[in-house]
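First the structure, in the form of structure tokens, and then the observations on it.
Just so it is clear, none of the values below were taken in a lab; they were calculated from the coordinates. Because the structure is a prediction, the values reported are computed rather than measured. Positions of Cβ are backbone-derived with ideal geometry, glycine not excepted, and every protein chain shown enters the neighbour counts.
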Amino acid sequence: MSGRTGGRGGELRRDQGGDDRRDHRGRQRGAARARGDRGASAQAPSQRGKRSDPARTAAFDVLRQVDHSDAYANLVLPPMLRERGVRGRDAAFATELAYGTLRLRGRYDAVLSRCSSRPLAEIDAPVLDALRLGAHQLLGMRVPGHAAVSETVALVRDQIGAGPSQFVNAVLRRVSERELDAWLDELRASAPDETTALAATQSHPAWVVRALRDALTSNGYPADDLPGLLEADNVAPRVTLVVRPGLADRVEVADSVRGVDAQGGPGGRGPRPAAGRWTPTALVLPGSDPADVPGVAEGRVGVQDEGSQLVTLAMVTPTLDPDPRGASGDAADAPGERWLDLCAGPGGKSALLGALALQRGARLVANEVAPHRARLVERSVRAVRDAVEEVRTGDGRLVGEQEPASYDRVLVDAPCTGLGALRRRPESRWRRTPQDLAGLAALQRELLASALDAVRPGGVVAYVTCSPHLAETRAVVDDVLRRRDDVERLDAAAAVREVAGAGIPLADRTDVQLWPHVHGTDAMHLTLLRRR
């Protein structure tokens, strides 16, 4: 963690007269009133010139960008740290401060509302973000209380203005009067029901809590698992690499990573990366920057959650091989398989499929509706271009009509709410609403129907979402199959066990739902279908 501060920028020159000082303070108070700040007062002279440190400033700027422009923290923060030269422990501190604050915003808002003289809705957004950063340092990080308060006050003065700094100081001092466990006990005691209590203490919107409870119980898990699932969503996942088969060796990659120290420099002998629990392609980093790993720059190695790897590998297991004779019934004339990634952006699954296609003599078409995401796919598949027939921009809903019965395997990695990756995308839980489900579910149905038209008889369609919500998983598949008589369900659980081994815990169903608290992966859903 970082507790350093910068220089004393922003002070008046010592040779200025008293009138200049009074004018300066008057301008500050006027600016504060224009921003709507209340409760402003002069600070102690020893505090007036204190500047916020770069790590906390970066975390604050990330929160502001996430709030202003709907940016994603994991896309904003790394380049910001590089541009500002924030490295090593300071970079780790900034990362935990930004991501942790975003994940636990609901918990901290519940605490702050009990410590503030104003309703949170009446606090200016930048000031509220600073309060959340301070609360996370006090209740979620090993930062001494005095440092958490003083550094946050310095951040407010430096980035917002002197006006609200005393208000922030007073609120955070009240927060610091209790330990986290005491605050959680109060939140539970004051909640009218269990859902409200879990929403506050585990920092999830109440509608998400209800949806996850329904998904768990419908997949054979007890409702008592819900707190563990919510808690797992609040734990930052370690970086997981995919070592693309045929392009790199997992042992060699692990050995190369072990020769890098914690700051990314050569010659270190830190902890060895761990092999994934379920796939032969996953490697879990102990903390190194994946950009430093040999093979990443060339695309032979990438960053991909192990659950995402598992569902991709499962759809090409040999037991699912389509009938090679096709409609003609002539096996001798059957060409190599042709695969389609219908919603390919940003390209992680396409790159893994491409590596598998190279080994199997198959060809891959990667389709993506958004041009900027199609460019990301192009970059992702650079190491497997020999297996990639085409990366194209197009509406996946039209492919079944435009190319009927043209593919042997089709992956539908459908756009969804992303409720299965809340630990990885901490801001998503605060952006999504129940109203999003209707539009997404309609799109998911159209994409799955298109995929079933695009696959040839005997071919396999994998329906995948990074969401366990029943409206985006089982309901979509059931509704599409209700309208067709040419599709059968396959045993996705058997395909997953073929990759992961018989010991992987799965519900007694043909479809598969993974869970962060059970499998240590994102909550990926997989349904496998064959067109008859």
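Look at 69, 218 and count the other Cβ atoms within 10 Å of each Cβ; fewest to most, that gives 69, 218.
Net length available on complete extension from residue 236 to residue 401 is 55.2 nm, with 0.36 nm assigned per residue and the Cα-Cα distance removed.
Note on residue 196 and residue 87: the extension gain reaches 35.3 nm, defined as 0.36 nm multiplied by sequence separation minus the Cα-Cα distance.
Take the alpha carbon gyration tensor of region 59-144, find the square roots of its eigenvalues, order them as a ≥ b ≥ c, and report rounded if a/c is under 1.5; if not, report prolate when a/b exceeds b/c, else oblate. Judged from the Cα gyration tensor, region 59-144 comes out oblate (a/c at least 1.5, b/c at or above a/b). Only beta bridges with both residues in the chain are counted; by DSSP, about 55 percent of them are antiparallel.
Its Cα centre serving as origin, the chain has a Cβ charge dipole (Lys and Arg +1, Asp and Glu -1) of approximately 2160 debye.
Relative to a virtual label point 7 Å from the Cα of residue 142 in the Cα→beta-carbon direction, which members of region 94-119 show backbone nitrogen distances below 16 Å? Hits in region 94-119 for residue 142 at 16 Å: 94, 96-97. In the list (1) 26.6, 88; (2) 26.2, 97; (3) 23.2, 69, the label attached to Rg and Dmax of the Cα atoms in Å as derived from the coordinates here is (2). All other residues whose Cβ lies under 11 angstrom from that of residue 148 are scored, Lys and Arg at +1 and Asp and Glu at -1, for a net of +2. In this calculation the C-beta distance from residue 483 to residue 389 is compared with R0 = 30 Å, giving a FRET efficiency of 0.50. Remark: the residue 494-residue 249 segment gains 85.6 nm on full extension, using 0.36 nm per residue and subtracting the alpha carbon distance.
For 393, 201, 433, 281, the sequence from fewest to most other C-beta atoms within 10 Å is 433, 393, 201, 281. Within region 448-500, the trypsin sites (Lys or Arg not before Pro) that combine a DSSP coil assignment with at most 11 other C-beta atoms in a 10 angstrom radius are 483. Restricting the GluC sites (Glu not before Pro) of region 144-199 to loop positions (DSSP other than H, G, I, E, B) with no more than 12 neighbouring Cβ atoms within 10 Å leaves 177, 179. Label-to-label distance for residue 532 and residue 210 is 3.8 nm, based on points extended 7 Å past Cα in the beta-carbon direction. Computed per residue of the chain from DSSP H runs no shorter than four, each worth -39500 (n - 2.57), the mean residue ellipticity at 222 nm is -14000 deg cm²/dmol. Region 155-233 and region 283-313 have Cα centres lying 32 Å from one another. Let me make sure I get this right: for region 304-531, a, b and c are the square roots of the gyration tensor eigenvalues over alpha carbons, sorted descending. Under 1.5 in a/c it's rounded, otherwise prolate if a/b > b/c, else oblate. Which is it? In terms of gyration-tensor shape, rounded.
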